[in-house]
């Protein structure tokens, strides 16, 4: 199936390439998976889940996922500031793909 797409177009023009551009990087798929598993999550919860990620790196990844309309950032006007992240409808539609990666990994783990 992917072969046909590559034969007929430049790789950069394929849906596969576009999807990879949205979820590429070390942390984006883990962030999305965490939101899929736990629903609405705060910044510090994500940082604990990802363990060795810096605040800046996590913040950049979250901004990119929000700009790509994969997650929703909800800020509450209070002191101290409270921000929550959750999957958007577009992000939820990507979960079937990530779920299949999990299934494949479980079946093919050595």
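The values are calculated or read from the model by the stated rules, or taken from the named source; none is laboratory data. Bear in mind the structure is a predicted one, so any value in this text is a computation, not a measurement. Please note: Cβ atoms are built from the backbone with ideal geometry, for glycine as well, and neighbour counts cover all protein chains shown.
Scoring residue 106 on the criteria (1) touching a strand residue (DSSP E or B) at 6+ places or on another chain (Cβ under 6 Å); (2) more than 20 Å from residue 20 (Cβ to Cβ) leaves a single failure, condition (1).
What number of residues within the stretch 42-88 are closer than 20 Å to residue 22 by Cα, modelled with pLDDT of 95 or more and touching a strand residue (DSSP E or B) at 6+ places or on another chain (Cβ under 9 Å)? Here the count works out to 12. Among the residues here, residue 97 does not qualify as part of a loop (DSSP other than H, G, I, E, B) and either surrounded by 15 or more Cβ atoms within 10 Å (Cβ to Cβ) or touching a residue at least 40 places away in the same chain (Cβ under 8 Å) (or both).
For the stretch 68-94, name all the residues that are assigned to a helix (DSSP H, G or I) and surrounded by 10 or more Cβ atoms within 10 Å (Cβ to Cβ).
Within the stretch 68-94, 90, 91, 92, 93, 94 qualify.
All conditions but one from (1) surrounded by fewer than 16 Cβ atoms within 10 Å (Cβ to Cβ); (2) in a loop (DSSP other than H, G, I, E, B) apply to residue 53; the one that does not is (1). If the condition is being within 13 Å of residue 29 (Cβ to Cβ) and more than 17 Å from the chain's Cα centre (by Cα), then the stretch 63-110 contributes only 105.
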